[in-house]
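*Asks:* Starting off with a structure, shown below.
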Amino acid sequence: MENKGSDEVEKLKTKFMSVWHNVKYSWVLKSKTSFSRNSPVFLLGRCYHFKAEDVNCPSEDRHDGADEDFIMGNVEAFRKDFASRVWLTYREDFAPLPGSTLTSDCGWGCMLRAGQMMLAQALVLHFLGRDWTWSEALSLQPLDAETRTTTAAKRLVASLEASLQGTPRTSESEPCHAPQAQASASASAEEADAHLKEMYHRNLVSWFGDVSLAPLGLHGLVRIGLRMGKQAGDWYGPAVVAHILKKAVKEATDPSLAGITAYVSQDCTVYSVDVMDCHKAPRAGESSEETPEMPPVAQNSQPSSAPTVPENRAVIILIPVRLGGERTNPEYFEFAKSILSLEYCIGIIGGKPKQACYFVGFQDDNLIYMDPHYCQSFVNISTSDFPLQLCTQPFLLLLLCTSTFAPPALSSLPNSL
């Protein structure tokens, strides 16, 4: 009886903590932010200038091999590029996570969400290419602060009622799969390619759905974490998340992910031999669980009619590092900027407990990041037409970048990445 009573108290405590976190991370405060028009802005390897008369990046700010095609000269291009990145945040009202009764990751899942965003960028880069941008990235109207406040208040009341009644609102469904592309004979090759990439984008986003069967969703990551001694609700460091992402990609059963693998460096060292071994696809019979039923979607190509096993695999290289002791050593600031300037950079994740972010760029000594600390409702991805704006919310990304986002100084870069 005593154990039963303590379990009930723990469940009640979990419910109220979940309600508190949902409220805490449902508010957005508006603050003024401005970018300099005299300095280049780097976003995941792309360089942008906001000053119309500037046509070239300063040579000292450009990475090796950059050319004129690499330079983007207007604000709209930067906004569309930034708003096209997949933004994943805290969610609530999904099915209980493995090994717990939690139906929200508010207050503890920020590093997992940051890791998901980094992995999503790697997949976008692989399947769609760095030049791709979402056609609807700038078409959605941003919500004002009053609308968000009203939404947060309604969420608070609903969460309290659900907690008191003991009827959590959960949903479980399978991730959707994009329909096979059928470009009409009259459509141009360019339009057909754009349509195909839009479907790939939707399918890619569905992989990160908050359902048990989503290959890269929160439930799957938590399930892997359990095998590593981590419970839902624990703090996940960047190194732990890197290994979880590696295993999630390896264990993914979606045929399109069969041609991708992840490599996690040891002691901050990348061994080229190990990377090449990861690059080589396993021979027939070596690993039947990774043999695809159909070929992965190659960049800028359409699916083949006959299933084939990929000869080689794309490798996502993850490098856990610690840039100092209690604080980040300033000597590493230029190193971090050079990494974010690389064309195939997929970003940096890092932070302290409950303060993890996904860093994607910089201007001068200020960082540009995507913040997962915003609670949104569960999105059902079981339908083929689920609203992408509710999964990536590019309008909020746009606000973070143009009006409500205050770029932090490089001195605030976490020492654990």
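*Asks:* Using θ = phi - 60° and the Karplus curve 6.51 cos²θ - 1.76 cosθ + 1.60, what whole-Hz ³J(HN,Hα) does each residue of the stretch 208-222 get, with Gly and Pro shown as x?
*Replies:* Values per residue, Gly and Pro as x: 9, x, 8, 9, 4, 8, 5, x, 10, x, 4, 4, x, 5, 5 Hz.
*Asks:* Sorted by average packing, counted as other Cβ atoms within 10 angstrom per residue and highest first, what order do 311-322, 113-124 take?
*Replies:* Working: 311-322: 17.3, 113-124: 25.4.
Listed from highest to lowest mean packing, they are 113-124, 311-322.
*Asks:* Once amide H atoms are built 1.01 Å from N in the peptide plane, which residues 5 or more positions from S212, or in another chain, come under 5 Å H to H?
*Replies:* S173
*Asks:* Let me ask another. If packing is taken as the average number of other Cβ atoms within 10 Å across a peptide's residues, how do 267-275, 365-373, 227-235 rank, most packed first? Please list the in-between numbers first.
*Replies:* Details: 267-275: 10.1, 365-373: 21.3, 227-235: 14.3.
Descending mean neighbour count gives 365-373, 227-235, 267-275.
*Asks:* Using 0.36 nm times the number of residues separating R227 and Y344, minus their current alpha carbon distance, what extension gain do you get? Walk me through the numbers on the way to the answer.
*Replies:* Working: separation 117, 0.36 × 117 = 42.12 nm, distance 3.12 nm.
Gain on stretching R227 to Y344: 39.0 nm.
*Asks:* Name the long-range amide H neighbours of I317: under 5 Å, sequence gap of 5 or more, or other chain; modelled H, no Pro or chain starts.
*Replies:* Y263
*Asks:* Still on this structure, I have one more. Around R91, which amide H atoms from residues at least 5 apart in sequence, or from another chain, sit under 5 Å from its own amide H, with H modelled in the peptide plane?
*Replies:* The answer is D105, C106, Q376.
*Asks:* Among 323-334, 250-261, what's the highest-first ranking by average C-beta atoms within 10 angstrom per residue?
*Replies:* Working: 323-334: 13.3, 250-261: 18.8.
Descending packing order for the listed peptides: 250-261, 323-334.
*Asks:* Between L213 and K51, what FRET efficiency follows from the Cβ-Cβ distance if R0 is 51 Å, with the result rounded to 0.05? Mind showing how you got there, number by number?
*Replies:* Details: r = 48 Å, r/R0 = 0.95.
For L213 and K51, the calculated efficiency is 0.60.
Rule-based calculations on the coordinates, nothing more; no lab input. Note that this is a predicted model, so its numbers are computed, not measured. Please note: Cβ atoms are built from the backbone with ideal geometry, for glycine as well, and neighbour counts cover all protein chains shown.
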